[in-house]
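Asker: Let me begin by handing over the structure; questions about it come next.
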Amino acid sequence: MRRLPAVLLAMLLTCATLVVPARAGTAREVTYDKYSLTVDGRRIVLQSAEFHYFRLPSPELWRDVMEKFRAAGFNAVSLYFSWAYHSPAPGVYDFTGVRDVDRLLRIARQAGLYVIARPGPYINAESTGGGFPAWLKTVPGRARSSEAGYQAAYREWLHRINPIIARHQVTEGGPVVLYNAENEYQVNTDAAYMQDIQDQARADGIEVPITTNDCCDGGSWSSTWATGPGAVQIPGVDDYPQSFECANPDLWGPWGEGLTERLRDDIPVFAAEYQAGAIDLGNAGYDKCRELTGPAFMKFFYKNNLIQTGATMFSYYMGYGGTNWGWLAQPNDVYTSYDYGAAITEARRPTPKYDEFKRQGYFLEAVAPLAKTDAITSPAAPGNGALTTVARANPDTGTQFVLLRHTDRAATGTDAATLDWAAPDGRYQVPARVKGRDAHVLVAGYDLGGQRLAVSTSEIMTHAAIGGRDVAVLYGSAGSPGATVLRYSAQPSVKVLEGSVRAAYDGGDLRLDYAHEGLARVLVMGGGRRPLLLLIGTDEEAARFWRAGTPMNPVLVRGTELVRSAAVTGDTVRLSADTVAGEVEVFAPPSIRRVELGRSGGQSGGQDAGQSGQSAGRDEVRVSRTASGSLIGATRAPASAKLPDLTGWRARAEAPEAAPGFDDSRWKVADHTTTGNPHQPKTLPVLYADDYGYHYGNVWYRGRFTATGAETRVDLNAITGLRGNYLVWLNGRYLGTAAGGVQADSGDLWTPPNPDPGPGRFDIPAGLLKPGQDNVLAVLVANMGHNDDWIADDLRFKQPRGLVAASVGTTPITWKIQGTAGTDKLRGPLSTGGLYGERTGWHLPKYRDKAWKEAAPDAALAPGVTWYRTSFRLDLPKGQDVPIGLRFGGDPSPAYRVLIFLNGWNVGQYGGDIGPQRDFSLPAGLLTEHGANTLALAVTAGQPTSGPGPLSLFTYGNVRGGP
Ligand code: GAL
């Protein structure tokens, strides 16, 4: 036999994936029928996790998140593409650096994930403008319609983004399998618009099936447009059964049973967005959202969707949420963190939800007959009303899937039943026990590798042929009874290596009875089949397993925090794994004697390979062979990370714009008397910031008037978006602050946010006015981001930002306006606003602050804007992943709001009015992990207050390995 060169062999064995996208140039196809997608001739259950690259501005960390998805058994990632993120102005698009989506799609492919590409044009996603760039607010024509101005604008975006997506389709050897048009486009619909998006996509080379995500109940849109103009090939439905009130994490399906509707008979059931976390509407904190959508919810709802509905296309929103850094947030529903209570936290740490995804994802991937099933009569679960069953079977293999669920909504019950199961191999009575709000998918009549599984009341997590035998991982709730029946033509030898398992053979069936406790190990040999190692554990034990390797050569690993991939060379298996001190056990062919930890060099290929922190350095684990034939050893604790104190702060007050003599000669004159905005101003001139090209962050206004002497007060109305405010000075004297208008969702735009008399009115103190002379009004208005266009009414989205009314009695005022100095080429359009410090670069690392006075950010503050800067050095342990955060230690006060700049990047906003968040993620990439970093804080105080300090750095976690 000719031997393959070692390098080639290593490359072949290295890939972590079961789904191996073909090499560039080989044509592949995506087809579908009523059961499932078929990619390159193979039916798949699509298990996708949503990820927003724009919420993680660090491409190397994209790799980390996507590898973590893959390691949990996801075979796809769903990606929104944000138009706003790439386009600061009409005709201007940027796909470089953190916006390099070519690289994003390459990384997805390298991670072994298919991609659902979702370029909008409208995406929602609680992102500013719902993904629409703010300049679109000044374009005539109703958004999300066929009207001319909007049409020209969105076509421009599509013609930029589509070609990038097109070259990464599976038909081109890339990962993109589906293209999603628009987002929840079902209200006020315009079929021609929906059709045009698809026509543009096809013209730009999109060949894969086009999908869309229908809102909420699969209602209006798809039924009206099932065929004809606007119809997509595979409509799907979004479902959020747990809603978004995280303060009450014990809720159970307030928005329904969560079953994704079958929309058509010729397509698979597509859960286009299925709830996997929540926005934190009540400011309860994302840990509560993680509870609300935790493993119990996932077990019950996801498995119901799989077996009751027969869905085979799932996209879970979100798999990883990320950060609303800069001005990325839509202001009404979210604050800086978009952690979402997802399976992987904002700081990229896996959670118990990740474990549940892994248990389910591995099952979907290992048990192929699931991709094609029809409903069948289910076995009864007699004797207990709370336990119900529903079942499906694969028409070709006969394999049955029975969902046994406990319908007690209060989660108090735990009920047992003996299933009377007419399975393909015979009729079986098998015991099971399910607690309230839980559901198990049980399998019968399944060719499990070289074995025949007649029936089991344990759930299958995964199985693999390893070194001439089958290794299978089964599981059940701790303490519950289980029975597994396997078929053998002759009596096999059964060796219980660990745990308590009773075995009986009756001339055909080998029946194993046990309780799920710890991890039982059973070796079955002979009986006319290849050997089988059965590993039967509790949920927790099952979650400790990882599967890595090609289909020809998988390995199973028990222990470690994460296994990204495995490579076999000679007698050594090399695991790219994240580890802490603990046990690692590897199930590999017997020829393997050694275990190494460390990323395999060059594994990914292409220009993105080898940039990761973990080099090809080796770290051998001393192992011994177990009775199970596996190799066991111990992993070392990571070196601890030393973090510096944040000291050496310097401070400088700004807002020179408030002073009467400030030179604003280069500011834009704000003198428009008309606006294309559907909302008309209350006073003229038009002062809408967007109309003057200032779209993100703070904006300054300076108004001059010749006082008559009769003026007694200043009346202002600014619209900022929720949580925004504005500050007012007259002739250099601070008059006060007010909350900005919100008018987020409905109603009359001009309903005053601050009822009369209110803080929108500022009395002029005696002696301040200069009759007959120039008086200068200075107003600093926050812009918290742009509303979305969720209901496609154009009005919410186009709601102005900035001053919408301004008067000093009837005295005429002339206005100037100043916002951001321009788009930061590196950091993109959403990072920098119009504070004086931002316009003069105080947030940038290179700025020299030596002349600033020494002062820590906990010192007392006067109203206005004060900046703080410090720098710190890091030298985090090499070859480890240590995510770092910044913590505000004091009680957040509504008196201030703080913009946080890390090395010039606006990484978030803190303050008592902003949200419950005190910890801010400082992602590697923006953070220099080995070297100097600069922190700058811009603190806007509306009244005298103590500062926002003290501040400290902390670690979210620490593992060896990493991306
Ligand atoms: C969906 C929408 C997503 C996101 C989600 C809630 O309706 O399509 O973009 O907004 O709700 O987080």
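The values are calculated or read from the model by the stated rules, or taken from the named source; none is laboratory data. Everything numeric in this text was worked out from a predicted model, so none of it was measured. Here the Cβ positions follow ideal geometry from the backbone for every residue, glycine too, while neighbour counts run over all protein chains shown.
Asker: Just need a number here: residues in the range 163-194 that are more than 16 Å from the ligand (Cβ to nearest atom) and either in contact with a Cys (Cβ under 7 Å, 6 or more places away or on another chain) or assigned to a helix (DSSP H, G or I) (or both).
Answerer: Residues in the range 163-194 being more than 16 Å from the ligand (Cβ to nearest atom) and either in contact with a Cys (Cβ under 7 Å, 6 or more places away or on another chain) or assigned to a helix (DSSP H, G or I) (or both): 10 in total.
Asker: Also: Within the range 124-138, identify whether any single residue is over 24 Å from the mean Cα position of the chain (by Cα) and surrounded by 23 or more Cβ atoms within 10 Å (Cβ to Cβ), and answer yes or no.
Answerer: Yes: the range 124-138 contains one or more residues that are over 24 Å from the mean Cα position of the chain (by Cα) and surrounded by 23 or more Cβ atoms within 10 Å (Cβ to Cβ).
Asker: Mind counting the residues in the range 144-189 that are closer than 20 Å to Val232 by Cβ and among the small types (Gly, Ala, Ser)?
Answerer: Total satisfying the criteria: 4.
Asker: Tell me yes or no: at least one residue of the range 34-47 is within 27 Å of Leu328 (Cβ to Cβ) and more than 16 Å from the ligand (Cβ to nearest atom).
Answerer: Within the range 34-47, not a single residue is within 27 Å of Leu328 (Cβ to Cβ) and more than 16 Å from the ligand (Cβ to nearest atom).
Asker: Look at Asn124 and say whether it is more than 16 Å from the ligand (Cβ to nearest atom) and of a type outside the set (A, V, I, L, M, F, W, C).
Answerer: no
Asker: Are any of the residues in the range 885-901 crowded, with 20+ Cβ neighbours inside 10 Å, within 30 Å of Phe95 (Cβ to Cβ), touching a Leu at 6+ places or on another chain (Cβ under 7 Å) and among the β-branched types (Val, Ile, Thr)?
Answerer: yes
Asker: Which is more than 16 Å from the ligand (Cβ to nearest atom), in contact (Cβ under 8 Å) with a residue 24 or more places away in the chain and crowded, with 23+ Cβ neighbours inside 10 Å, of Phe74, Phe95, Phe81?
Answerer: Of the residues listed, the single one that is more than 16 Å from the ligand (Cβ to nearest atom), in contact (Cβ under 8 Å) with a residue 24 or more places away in the chain and crowded, with 23+ Cβ neighbours inside 10 Å is Phe74.
Asker: How many of the residues in the range 227-250 are more than 23 Å from Ser145 (Cβ to Cβ), crowded, with 18+ Cβ neighbours inside 10 Å and more than 16 Å from the ligand (Cβ to nearest atom)?
Answerer: The number of residues fulfilling the criteria is 2.
Asker: Please determine whether any residue of the range 140-162 is assigned to a helix (DSSP H, G or I), buried (at least 24 other Cβ atoms within 10 Å of the Cβ), among the basic types (Lys, Arg) and away from the ligand (no atom under 16 Å from the Cβ).
Answerer: no
Asker: If you don't mind, there's one more thing I want to ask. Restricting attention to the range 309-316, does a residue exist that is within 16 Å of the ligand (Cβ to nearest atom), within 14 Å of the chain's Cα centre (by Cα) and within 29 Å of Ser36 (Cα to Cα)?
Answerer: Within the range 309-316 (the criterion being within 16 Å of the ligand (Cβ to nearest atom), within 14 Å of the chain's Cα centre (by Cα) and within 29 Å of Ser36 (Cα to Cα)), the answer is yes, since at least one residue qualifies.
Asker: In addition: Please determine whether any residue of the range 48-60 is among the hydroxyl-bearing types (Ser, Thr, Tyr) and within 16 Å of the ligand (Cβ to nearest atom).
Answerer: yes
Residue-wise test of (1) modelled with pLDDT of 95 or more; (2) assigned to a strand (DSSP E or B); (3) of a type outside the set (D, E, K, R).
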{"site": "Ala639", "(1), (2), (3)": "yes, no, yes"}
{"site": "Asp645", "(1), (2), (3)": "yes, no, no"}
{"site": "Phe662", "(1), (2), (3)": "yes, no, yes"}
{"site": "Pro681", "(1), (2), (3)": "no, no, yes"}
{"site": "Gly703", "(1), (2), (3)": "yes, yes, yes"}
{"site": "Asp715", "(1), (2), (3)": "no, yes, no"}
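Asker: For the range 827-840, does any single residue satisfy the condition of being within 25 Å of the chain's Cα centre (by Cα), in a strand (DSSP E or B) and hydrophobic (A, V, I, L, M, F, W, C)?
Answerer: no
Asker: Hey, does the range 451-466 have a residue that's assigned to a loop (DSSP other than H, G, I, E, B) and modelled with pLDDT of 95 or more?
Answerer: Within the range 451-466, one or more residues are assigned to a loop (DSSP other than H, G, I, E, B) and modelled with pLDDT of 95 or more.
Asker: A further question follows. Could you tell me whether any residue of the range 848-859 is in a loop (DSSP other than H, G, I, E, B), surrounded by 23 or more Cβ atoms within 10 Å (Cβ to Cβ), at pLDDT 95 or above and on the phi < 0 side of the Ramachandran plot?
Answerer: yes
Asker: Report, by residue number, each residue of the range 778-798 that is more than 26 Å from the chain's Cα centre (by Cα) and either within 16 Å of the ligand (Cβ to nearest atom) or buried (at least 23 other Cβ atoms within 10 Å of the Cβ) (or both).
Answerer: If the condition is that a residue be more than 26 Å from the chain's Cα centre (by Cα) and either within 16 Å of the ligand (Cβ to nearest atom) or buried (at least 23 other Cβ atoms within 10 Å of the Cβ) (or both), then Ala778, Val779, Leu780, Val781, Ala782, Asp793, Lys798 are the ones that fit.
Asker: Step by step: first the residues of the range 251-270, then only those that are in contact with a Leu (Cβ under 9 Å, 6 or more places away or on another chain) and in a loop (DSSP other than H, G, I, E, B), then the one that is nearest to the ligand (Cβ to nearest atom). Which residue is that?
Answerer: Leu251
Asker: Hey, does the range 201-220 have a residue that's more than 16 Å from the ligand (Cβ to nearest atom), in contact with a Leu (Cβ under 9 Å, 6 or more places away or on another chain) and modelled with pLDDT under 95?
Answerer: Within the range 201-220, not a single residue is more than 16 Å from the ligand (Cβ to nearest atom), in contact with a Leu (Cβ under 9 Å, 6 or more places away or on another chain) and modelled with pLDDT under 95.
Asker: State all residues of the range 391-415 that are buried (at least 20 other Cβ atoms within 10 Å of the Cβ) and β-branched (Val, Ile, Thr); if no residue qualifies, say none.
Answerer: Passing the criteria: Thr399, Val402.
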